[in-house]
Amino acid sequence: MKFLVLLSCLCAASGQAGEPAAKSDPRTELPSAIRHARQLLEKEKYALFLKQFAIPADWKRAVESHGREELASAFAKEKAKPLLAALQQIDQSEPDLSEDGMLATYAVKVKNFPHQSIVFQQIEGLWYLRN
């Protein structure tokens, strides 16, 4: 029994000793996901933004049909600036959450943004942009 206790203590300590903690994904929490999305758009990292914030199944289909660079280029021309403005608008807002807490809806009014709201969806613990 003492051996098992000692072994479990050693295993726990070996995972921490001298190793930096793994950086957590900013998409696990909604406020940090929004900040991260905004930062990617501000830095014009459109392909990375799409990969990280498009619904995974939708992103996979879109890349197979059009290619990553073509999608990023079209997004940059048509949608990036209005979406960035919408994300800036919701920065300090509280969303309307669905009953199960998996959808977060923010009302927005932004010129050239085609929607009245921004909807984030949580999938497997990460927040994605639904619209």
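The values are calculated or read from the model by the stated rules, or taken from the named source; none is laboratory data. Treat the numbers as computed from the prediction; the structure is a model and nothing was measured. Here the Cβ is made from the backbone with ideal geometry for all residues, glycine too, and neighbour counts use every protein chain on show.
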Would you check which residues across the stretch 14-30 are at pLDDT below 95 and not in a loop (DSSP other than H, G, I, E, B) and list them?
Ser14
Tell me which of these Ala107 doesn't satisfy, since it passes every other one: (1) touching a residue at least 40 places away in the same chain (Cβ under 8 Å); (2) in contact with a strand residue (DSSP E or B) (Cβ under 8 Å, 6 or more places away or on another chain); (3) not basic (Lys, Arg).
(1)
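To keep it simple, each residue is scored yes or no on (1) surrounded by fewer than 19 Cβ atoms within 10 Å (Cβ to Cβ); (2) in contact with a helix residue (DSSP H, G or I) (Cβ under 9 Å, 6 or more places away or on another chain).
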{"position": "Leu84", "(1), (2)": "no, yes"}
{"position": "Gln92", "(1), (2)": "yes, no"}
{"position": "Thr105", "(1), (2)": "yes, no"}
{"position": "Val108", "(1), (2)": "no, yes"}
{"position": "Asn112", "(1), (2)": "yes, yes"}
{"position": "His115", "(1), (2)": "yes, yes"}
{"position": "Gln121", "(1), (2)": "yes, no"}
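Residues of the stretch 90-105 being of a type in the set (S, T, N, Q) and modelled with pLDDT under 95, which ones?
Step one: filter the stretch 90-105 for residues of a type in the set (S, T, N, Q), giving 92-93, 98, 105.
Across the stretch 90-105, the qualifying residues are Gln92, Ser93.
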Going by the conditions given, is Glu69 loosely packed, with under 14 Cβ neighbours inside 10 Å, over 27 Å from Ala107 (Cβ atoms), touching a helix residue (DSSP H, G or I) at 6+ places or on another chain (Cβ under 9 Å) and at pLDDT below 95?
yes
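Could you please find all residues in the stretch 37-53 being crowded, with 16+ Cβ neighbours inside 10 Å and either aromatic (Phe, Trp, Tyr) or touching a Leu at 6+ places or on another chain (Cβ under 8 Å) (or both)? Quick ask: steps written out before the conclusion?
Taking the stretch 37-53 first, the residues crowded, with 16+ Cβ neighbours inside 10 Å are 37-38, 40-41, 46-47, 49-53.
Those that are crowded, with 16+ Cβ neighbours inside 10 Å and either aromatic (Phe, Trp, Tyr) or touching a Leu at 6+ places or on another chain (Cβ under 8 Å) (or both): Ala37, Arg38, Leu40, Leu41, Tyr46, Ala47, Phe49, Leu50, Gln52, Phe53.
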Collect the residues in the stretch 76-93 that are over 14 Å from His115 (Cα atoms) and among the aliphatic types (A, V, I, L, M), keeping them in residue-number order.
Ala76
